[in-house]
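*Asks:* Provided herewith is a single structure, encoded as structure tokens, for subsequent inquiry.
The values are calculated or read from the model by the stated rules, or taken from the named source; none is laboratory data. Just so we're clear, the structure is a prediction, and the values are computed from it rather than from any experiment. Glycine also receives a Cβ, built like all others from the backbone with ideal geometry; neighbour counts cover every protein chain displayed.
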Amino acid sequence: MKKNITTLVIVLIVLIGAGAGYYFYFREGTSDGNTNRTPLPDPRVITAEIRREYGIPEGIEGEIRYTYNEAGNVASYIEITADTRPADTDRDGLPDDQEEPHGTDVHNPDTDADGWLDGDEVANGSDPTKLDTDGDGLGDLNEFSLYRTDVNKADTDSDGFDDRTEIDTGFDPLGPGKVVTTNPTGTPNSEGDGEVITAEEPSTGDYTITPSQ
């Protein structure tokens, strides 16, 4: 009798376990009980459009694949199958074989230490070996990202005054127009009557704007 009871208990345990497994795996579809998951899309080969969408550089080959994240939502990832990009030891965006022609250091991502990677400087027409390519007194990175002036042209707006002079005196180095010095009464200064000194818009009442030339 005792042996029969023991056998019955074992059978019941097996049946309960099998039933639970069936419920969670077959009935619910996944081991976590989630039946509402969106089906995973098919993988997509990396095309020119996908490169633009995901910012994938040339030389990276592979495909976009899909999985479920911790919340059970569909998430994408890049499966790289080949990387044919040229070697870039210092990871500055400038291939090693282009460092020497540009005079840059293959082991230093910012050769001129101006805060701008060598590869970015070359791509934007700046000299990666000089802090100030056009010699106007403004650093290349500031010209490009802050003032939007031309890193290769000391006088971006061609008004006769270099970009640094215009910025230091409170004027815009990008637009047309010139300014004449005057004293507070509006009479031209004795030393420099009609002297054009800086750019486009007066910062105080001590200046008057003359027409563009």
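*Asks:* Asp97 passes all but one of (1) over 23 Å from the mean Cα position of the chain (by Cα); (2) at pLDDT below 90; (3) of a type outside the set (Phe, Trp, Tyr); which number fails?
*Replies:* The failed condition is (2).
*Asks:* Same structure, new question: Thr133 - would you say it is within 23 Å of Asp90 (Cα to Cα), β-branched (Val, Ile, Thr) and out of contact with any Pro (no Cβ under 8 Å at 6 or more places or on another chain)?
*Replies:* Against the criterion (within 23 Å of Asp90 (Cα to Cα), β-branched (Val, Ile, Thr) and out of contact with any Pro (no Cβ under 8 Å at 6 or more places or on another chain)), Thr133 qualifies.
*Asks:* Just checking, does region 147-167 include any residue being closer than 29 Å to Thr47 by Cα, crowded, with 19+ Cβ neighbours inside 10 Å and either under 23 Å from the mean Cα position of the chain (by Cα) or touching a residue at least 60 places away in the same chain (Cβ under 8 Å) (or both)?
*Replies:* No; the residues of region 147-167 include none that is closer than 29 Å to Thr47 by Cα, crowded, with 19+ Cβ neighbours inside 10 Å and either under 23 Å from the mean Cα position of the chain (by Cα) or touching a residue at least 60 places away in the same chain (Cβ under 8 Å) (or both).
*Asks:* Of the numbered conditions (1) modelled with pLDDT under 90; (2) surrounded by fewer than 18 Cβ atoms within 10 Å (Cβ to Cβ); (3) in a loop (DSSP other than H, G, I, E, B), Thr181 fails exactly one; give the number of that condition.
*Replies:* Going through the list (1) modelled with pLDDT under 90; (2) surrounded by fewer than 18 Cβ atoms within 10 Å (Cβ to Cβ); (3) in a loop (DSSP other than H, G, I, E, B), Thr181 breaks only (3).
*Asks:* Are there any pairs with C-beta distances below 8 angstrom linking a residue in region 30-51 that is under 11 Å from Gly72 (Cβ atoms) to a residue that is modelled with pLDDT under 75 and assigned to a loop (DSSP other than H, G, I, E, B), with the two at least 6 apart or on different chains, and if so which?
*Replies:* Going by the 8 Å Cβ cut-off, the qualifying pairs are Asn34/Glu28; Thr35/Glu28; Thr35/Gly29; Arg37/Gly29; Arg37/Thr30.
*Asks:* Also: Please work out which residue is surrounded by the fewest Cβ atoms within 10 Å (Cβ to Cβ), limiting yourself to region 133-146 and to residues that are out of contact with any helix residue (DSSP H, G or I) (no Cβ under 6 Å at 6 or more places or on another chain) and part of a loop (DSSP other than H, G, I, E, B).
*Replies:* Gly135
*Asks:* Could you identify the single residue in Asp114, Asp127 that is without any contact (Cβ under 8 Å) to a residue 40 or more places away in the chain, over 19 Å from the mean Cα position of the chain (by Cα) and either buried (at least 19 other Cβ atoms within 10 Å of the Cβ) or assigned to a loop (DSSP other than H, G, I, E, B) (or both)?
*Replies:* Asp127
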